[in-house]
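First comes the structure, then the notes that go with it.
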Amino acid sequence: MEETSGRDPDVLTTRELAVKLGLSPQTVRRMANAGQIPALKTGKDFRYSWTAVREVLRQPHIQRRTSTDDPRPAREPTAR
């Protein structure tokens with residue numbers, strides 16, 4: 001990866017982050033759009049803090065419950 005003088009080495013482009021994570025740039029953009037990783041929108045693309053992304057990805061994964069995961073039995077519809 002090339003270092004541009006005056007550029008913070010912690011700030012990465014989508015492509016650079018994808019290479020570091022071993023993912024496709026499209027997957028990285030999807031994760032940013034979904035709020036799974038911290039990102040700053042810059043025009044049509046994003047910029048990422050490597051430190052912030054690593055911190056988030058090191059957190060234990062919390063799975064959100066969906067309506068199909070609800071263990072409670074479905075209620076019968078009531079007649080009106």
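What follows is calculated from the coordinates using simple rules that are stated; it is not laboratory data. Here the structure is a predicted model, which means the values were calculated and not measured. Virtual Cβ from ideal backbone geometry, glycine too; neighbours counted across all protein chains shown.
List of remarks:
- For I37, distant residues with modelled amide H under 5 Å away: A32
- Extending 7 Å from Cα along the Cβ direction at L23 and again at V56 yields two label points whose distance is 0.9 nm.
- Three-way shape call for segment 11-59 based on the alpha-carbon gyration tensor, with the a/c threshold at 1.5: rounded
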